[in-house]
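The values are calculated or read from the model by the stated rules, or taken from the named source; none is laboratory data. Everything numeric in this text was worked out from a predicted model, so none of it was measured. Heads up, the Cβs are rebuilt from the backbone with ideal geometry, glycines too, and the neighbour counts pull from every protein chain shown. Ligands, DNA and RNA are excluded from the accessible area calculation, which covers all protein heavy atoms including side chains. Shrake-Rupley method; radii C 1.70, N 1.55, O 1.52, S 1.80 Å.
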Amino acid sequence: MRGGACALYRKLASLPCIWCVIVEALKVDSLQKLCSSLEPILRRVVSEEVERALAKLGPARLTNARSSPKRIEGPDGRNLQLHFRSRMSLPLFTGGKVEGEQGAAIHIVLIDANTGHVVTSGPESSIKLDIVVLEGDFNNEDDEGWTQEEFDSHIVKEREGKRPLLNGELQVVLKEGVGTLGELTFTDNSSWIRSRKFRLGLKVASGFCEGIRVREAKTEAFTVKDHRGELYKKHYPPALNDEVWRLEKIGKDGSFHKRLNNAGIFSVEEFLRHVVTDPAKLRSVS
């Protein structure tokens with residue numbers, strides 16, 4: 001009886017560790033669900049902490065701040081400027097949410113360019129701002145200097161018969177000189193304007209800071225593509241049931257994608273399972 005039990009044990013031990021595969025798959029699935037549920041909470045906490053940190057950057061200077069011959073100083077000698085503190089996540093598609101890199105919030109600050117300090121007090125630190133769309137080639141020649149009239153002349157409106165170009169929360173209120181953009185989406189692509197690119201811009205809303213010049217802010221130029229192009233966009237993070245080409249460095253219908261499919265690996269979940277159970281097979285495919 002003991003010999004039979006030992007033989008059975010040896011046979012079971014020689015079988016593939018299917019339970020290991022199941023456990024690992026469940027771990028991945030649970031982690032995915034946990035991340036999805038925690039994401040909005042984490043984003044809010046991170047956003048609040050970033051705002052708090054930016055407001056405390058008293059002596060910190062913007063890395064790209066430079067003096068400009070066109071700057072307009074207020075009566076008290078201050079040179080107030082709005083700045084985007086976050087870079088946008090690209091590419092951008094119609095109907096898709098405007099976000100910072102890796103899904104982070106987009107923060108803006110009001111600084112006194114003479115000192116580099118964030119303006120944390122006074123009426124200017126709590127002004128309301130309008131979010132607008134600018135032509136992509138606005139101010140390519142002189143990155144720091146423009147007048148309010150020049151800025152306004154490059155604002156892009158929707159095409160005739162189309163919906164408003166930008167939908168969502170089109171205003172933001174500063175708190176101690178720091179603000180965060182809300183949800184925004186483009187309704188039209190950028191292929192129809194001269195530069196084929198847009199910029200986001202920020203300007204002081206009507207009724208605020210009257211008689212005081214606050215230089216507007218602008219993002220880098222970017223392309224907005226039709227949402228049909230999102231079919232080829234990578235997901236961050238990818239879902240388990242996504243096709244395997246949604247992973248970074250795997251091009252849709254590329255040679256690696258085809259070799260994975262030929263090896264029976266079609267989804268992100270199947271790819272991860274092979275990473276755990278059969279990495280040698282993945283190496284041979286690549």
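Looking across the stretch 115-139, the residues that are more than 18 Å from G201 (Cβ to Cβ) and open to solvent by less than 20 Å² (accessible area, probe 1.4 Å) come down to G116, V118, V119, E124, S125.
Take E210 and tell me if it is under 17 Å from V98 (Cα atoms), at pLDDT 75 or above and either open to solvent by less than 30 Å² (accessible area, probe 1.4 Å) or assigned to a loop (DSSP other than H, G, I, E, B) (or both).
no
Residues in the stretch 213-249 that are open to solvent by 30 Å² or more (accessible area, probe 1.4 Å) and either at pLDDT 95 or above or under 21 Å from I155 (Cβ atoms) (or both): R213, K218, E220, A221, T223. Residues that are of a type in the set (F, W, Y) and touching a Leu at 6+ places or on another chain (Cβ under 8 Å) were ranked within the stretch 239-286; the one that is farthest from Q102 (Cα to Cα) is F266.
I'm trying to understand the selection: among the residues of the stretch 145-181, which are within 19 Å of F222 (Cα to Cα) and part of a loop (DSSP other than H, G, I, E, B)? Of everything in the stretch 145-181, those that are within 19 Å of F222 (Cα to Cα) and part of a loop (DSSP other than H, G, I, E, B) turn out to be H154, V156, K157, E158, R159, P164, L165, L170, L181. Out of D112, D143, D152, one residue alone is open to solvent by less than 30 Å² (accessible area, probe 1.4 Å) and either modelled with pLDDT under 95 or at negative phi (or both). It is D112.
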